[in-house]
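The values are calculated or read from the model by the stated rules, or taken from the named source; none is laboratory data. Keep in mind that what you see is a predicted model, and the values were worked out from it rather than measured. Methodologically, a virtual Cβ is constructed for each residue, glycine included, from the backbone with ideal geometry; neighbour enumeration extends over all protein chains shown. These area figures cover heavy atoms from the full protein model, side chains too; ligands, DNA and RNA do not enter into them. Shrake-Rupley method; radii C 1.70, N 1.55, O 1.52, S 1.80 Å.
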Amino acid sequence: MQKDVRKFGISDKRGRTKTSEDPYVPEAGLREPAICESCNALYRNRRWQMDAEGAAAESANPQVQRVTCPACQKIAERYAEGVVTLRGRYLWEHEEEIRNILRNEENRAMAKNPLQRIMRMEREGDELIIETTEEKLAEHLGRALHSAHQGELSVTWSKEHSLCRVNWERLQ
């Protein structure tokens, strides 16, 4: 059978097109149930969930698989799929508020998909650098900050859609 090349990749025998090239997500999935040893995320119904009660209940199951989720692997290996760079005097005058916006947006994103996390948020010179485990989260953080505080925003994607770079700046 000849594979069909589409916009984002190669389709499988059922015609589904692979849209993610994430090397940390196994194509075949995992045996269920599975619990991440680092963050206690639960893998069930072919997706990761932050379900403390479900994870506690599954922990007693002798069949549960102990693994490291893709987000924790990326954090451990510093494999960022998104990089957000913030700069400008306005940033440092409103630093606490901006950091709170970013953390709140991360929490909202994690409620939907626990693999979307901020890996690090650190000041480097006159810039605040945020690295994310998922490229869409980086774009979302930049757009949320721009919506709340205006400024200049640019979002660029690598050709393979495996890295998103977001730059935000506001001088005053």
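Non-local amide H neighbours of residue 32 (under 5 Å, H modeled in plane, Pro and chain starts lacking H): which ones?
So residue 32 has HN proximity to no qualifying residue.
With Kirkwood's inverse mean 1/r over C-alpha pairs for Rh, give me the Rg to Rh ratio of the stretch 55-105, two decimals please. Please list the in-between numbers first.
On the way: Rg = 18.2 Å, Rh = 14.7 Å.
Rg/Rh for the stretch 55-105 comes to 1.24.
Please compute the contact order of the stretch 121-172 in relative form: average sequence separation of alpha-carbon pairs under 8 Å and at least six residues apart, divided by the residue count, as a percent.
Details: 57 pairs, mean separation 15.1, N = 52.
Taking the mean separation of contacting Cα pairs over the length of the stretch 121-172, I get 29 percent.
List, in order, the whole-Hz ³J(HN,Hα) value for each residue of the stretch 68-76 obtained from phi through the Karplus relation with A = 6.51, B = -1.76, C = 1.60 and θ = phi - 60°; use x for Gly and Pro.
Each residue of the stretch 68-76 in turn: 10, 5, x, 5, 5, 5, 4, 5, 5 Hz.
So, counting K/R as plus one and D/E as minus one, what does the shell of residues with Cβ under 10 Å around residue 72 add up to? Present the calculation step by step, with values, prior to reporting the outcome.
Working: positive: 74, 117; negative: 37, 77.
Combined, the nearby Lys, Arg, Asp and Glu give 0.
Please list 168, 157, 92 from largest to smallest accessible area, probe radius 1.4 Å, with all protein chains kept in place. If you can, show how the numbers build up before the last one.
Numbers: 168 0, 157 80, 92 55 Å².
Reading off the accessible areas and sorting them downward yields 157, 92, 168.
On the Cα set of the chain, report Rg and Dmax in Å, please.
18.4, 60
Cut-off 10 angstrom, C-alpha nodes, Gaussian network model of the chain. Which of 144, 52, 71 fluctuates the most?
In the Gaussian network model the winner is 52.
Rolling a 1.4 Å sphere over the protein heavy atoms, what is the accessible area per residue of the stretch 109-151, to the nearest Å²?
Numbers: 1900 Å² over 43 residues.
Result: 44 Å² per residue.
Can you give me the % of accessible surface on the chain that is carbon or sulfur? Probe 1.4 Å, all protein chains present, nothing else counted.
Numbers: 4740 of 10450 Å².
Exposed carbon and sulfur together represent 45 percent of the surface.
Normalised by the number of residues in the stretch 10-144, what is the relative contact order in percent for Cα pairs under 8 Å and 6+ residues apart? Please list the in-between numbers first.
Details: 187 pairs, mean separation 29.6, N = 135.
Normalised by residue count, the contact order of the stretch 10-144 is 22 percent.
Which residue fluctuates the most in the chain, going by a Gaussian network model with Cα springs under 10 Å, if the choices are 62, 70, 23?
62
Take the alpha-carbon centre of the stretch 119-165, take the same for the stretch 27-44, and report the distance between them in whole Å.
What the calculation gives is 27 Å, centre to centre.
How about the stretch 28-58: which GluC sites (Glu not before Pro) there lie in a loop by DSSP and see at most 13 other Cβ atoms within 10 Å?
On the way: sites: 37, 53, 58; in loops: 37.
Answer in residue order: 37.
Please give the length that would be gained between residue 103 and residue 45 if that part of the chain were fully extended, namely 0.36 nm times their separation in residues minus their C-alpha to C-alpha distance (nm, one decimal). Numbers along the way, then the final one.
Working: separation 58, 0.36 × 58 = 20.88 nm, distance 2.75 nm.
Stretched out fully, the residue 103 to residue 45 stretch lengthens by 18.1 nm.
Evaluate the distance, in nm, between pseudo-label points positioned 7 Å from the Cα of residue 78 and of residue 32 along their respective Cα→Cβ axes.
Taking the simple label geometry, residue 78 and residue 32 are separated by 3.6 nm.
Nearest 10 degrees, 0 to 90: what angle lies between the long axis of helix 135-149 and the longest principal axis of the chain (Cα atoms)?
Tilt relative to the chain: about 30 degrees.
Just add up the charged neighbours of residue 136: K/R +1, D/E -1, any other residue whose Cβ is under 15 Å from the Cβ of residue 136.
Overall, the nearby charge balance is -4.
Within 13 Å, Cβ to Cβ, of residue 151, how many net charges do the neighbouring residues add up to if Lys/Arg are +1 and Asp/Glu are -1? Write down the numbers at each step before the final one.
Working: positive: 87, 89, 143, 170; negative: 93, 152, 169.
With Lys, Arg at +1 and Asp, Glu at -1, the net is +1.
In deg cm²/dmol and to the nearest 500, what is the mean residue ellipticity at 222 nm of the chain if only DSSP H runs of at least 4 residues count, each as -39500 (n - 2.57), divided by the residue total?
Numbers: 5 runs with 54 residues, N = 172.
Helices in the chain give a 222 nm mean residue ellipticity of -9500 deg cm²/dmol.
List, largest first, the extents of the alpha carbons of the stretch 24-110 along their principal axes, each in whole Å.
Principal-axis extents of the Cα atoms in the stretch 24-110, largest first: 54, 26, 19 Å.
Could you give the length gained by full extension between residue 152 and residue 61, i.e. 0.36 nm per residue of separation minus their alpha carbon distance, to one decimal place?
Working: separation 91, 0.36 × 91 = 32.76 nm, distance 5.11 nm.
27.7 nm is the gain from fully extending residue 152 to residue 61.
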